[in-house]
Amino acid sequence: MLRERYEPKDLFNELKPHIDSIGGTLSGDDTVIEKPYSDPNLTEFIGYFWSGNQHRPVKGINLITLYYTESNGKSVPVNYRIYNKQEGKTKNDYFREMIAEVLVWGLQPEMVTGDSWYSSKENLKFLRNQKLGFMMGIARNRQVAITPGKYTAVKNIEISPEGQVVHLKNFGQVKVFQKKFKNDTERYYIMFLPEIKETEVITRSDFMTTHSIHWGIECYHRAIKQLCGIKRFMVRSSAAIFTHFFCSIRAFVQLELMRAEALIDNWYEIQRNLSLEVARDFILHYLNQKVGLKAEY
């Protein structure tokens, strides 16, 4: 764990031959790798971070990832950061930094997606300057205008199912969509394409397709926790933690490549088959013991 020194670019270099680097969707998000029993004074990177699942701050390590999805559905992490408060950067700083890196490395995504945390005006202008389209969540009180100069919170405007072209304050023209979830909460998303006329003709079908692609990064977060052992480390130094995270993420990449090549049906198949085999052997051993005991009796 201490001997190796892996960087995010090492991950990208390994998977680059296996992906189509042109025209996919790049999704950004973060997750908390929970470590409730770790001491922040002894283990580096441990802190309290907001958990979307638990709706409260939890103790752990904050992992920020860029997740790339090809048009054929193959999806892999292409860059990542462990949040380090000693660096004095925000998650938005890491987000822009990672996108700039993958563009230099040769990735040419068509669209970038993220939730409302990553829809700051700095991020949106950065993406526009890179000539990238985007779909980003926005807060309910974000200021937009249908009539020039008359701004109001996005929650106050009437939005048809096909979306509404608006002027986003301090940015420019975007198309806003509204989506209701099971608990009846309404969320708002904006879409933008480098050509203004293209932005105007974005359909709800385009939005739903892009939103569905973005959900893939949530599935990835669940998989690295359930299948790749990213929580299960007992080291404290930054170098060892970096190595462990790299290996866990690399393990997920291998699962996804196996799925894409039809060697497995889904990421969970290997774990399920191993569990079934162990359970089967345990039951057979138990039954054999019971039969043996009865015979002796």
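At-a-glance table
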| read-out | value |
| --- | --- |
| Karplus (6.51, -1.76, 1.60) ³J(HN,Hα), θ = phi - 60°, over segment 164-176, in Hz, Gly and Pro reported as x | 9, 6, 9, 9, 7, 4, 6, 9, x, 6, 9, 10, 9 |
| Cα-based radius of gyration of the chain once divided by 2.2 N^0.38 Å, which approximates compact folds | 1.19 |
| Estimated [θ] at 222 nm from DSSP helical runs (n ≥ 4, -39500 (n - 2.57)) normalised by residues in the chain, nearest 500 | -12000 deg cm²/dmol |
| S51 - accessible surface, heavy atoms, 1.4 Å probe, Å² rounded to 10 | 10 Å² |
| 1.4 Å probe accessible area per residue over the chain, in Å² | 55 Å² |
| Cα gyration tensor shape of segment 219-259, rounded if a/c is under 1.5, else prolate or oblate by comparing a/b with b/c | prolate |
| Solvent-accessible ranking of D281, D29, largest area first, probe 1.4 Å | D281, D29 |
| Under-5 Å amide H pairs with V78, H placed in peptide plane, nonlocal only | L66, Y67, Y68 |
| Cα-centred dipole magnitude for the chain, charges only on beta-carbon of K, R (+1) and D, E (-1), debye, nearest 20 | 900 debye |
| Candidates F282, F252, F233: whichever shows maximal mean-square fluctuation once the chain is modelled as a Gaussian network with Cα springs under 10 Å | F282 |
| Per-peptide average of other Cβ atoms within 10 Å, ordering 107-116, 33-42, 198-207, 59-68 highest first | 59-68, 107-116, 198-207, 33-42 |
| Cα long-axis angle, helix 238-260 against the chain (0 to 90 degrees, to the nearest 10) | 90 degrees |
| Candidates S21, S119, S160: whichever shows maximal mean-square fluctuation once the chain is modelled as a Gaussian network with Cα springs under 10 Å | S160 |
| Heavy-atom SASA rank of E4, E269 (probe 1.4 Å, accessible area, largest first) | E4, E269 |
| Dipole moment magnitude, nearest 20 debye, segment 68-126 about Cα centre, only Lys, Arg, Asp, Glu C-beta charged | 180 debye |
| Over 25 Å between alpha carbons, listed pairs K59/K225; K125/K150; K9/K169 | K9/K169 |
| Most mobile listed residue (I99, I283, I230) in the chain, GNM with C-alpha springs under 10 Å | I283 |
| Between helix 269-296 and the chain: long-axis angle, C-alpha atoms, 0 to 90°, nearest 10 | 20 degrees |
| Cα centroid separation - segment 87-130 against segment 135-180, whole Å | 21 Å |
| Nearest-20 debye value, segment 16-166 charge dipole, Cβ charges on Lys, Arg, Asp, Glu | 440 debye |
| Amide H within-cut-off set for I264, under 5 Å, with H built and near neighbours excluded | R259 |
| Interatomic Cα distance distribution for segment 92-179, bins of 10 angstrom, percent | 15, 48, 26, 9, 0 |
| Percentage relative contact order, segment 135-245, counting C-alpha pairs under 8 Å, at least six apart | 20 percent |
| Descending principal axes extents, segment 163-297, alpha-carbon based, whole Å | 84, 39, 33 |
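The values are calculated or read from the model by the stated rules, or taken from the named source; none is laboratory data. Worth saying up front: this structure is predicted, and the values here are computed from it rather than measured. Every residue, glycine as well, gets a Cβ built from its backbone with ideal geometry; the counts of neighbours run over all protein chains shown. These area figures cover heavy atoms from the full protein model, side chains too; ligands, DNA and RNA do not enter into them. Shrake-Rupley method; radii C 1.70, N 1.55, O 1.52, S 1.80 Å.
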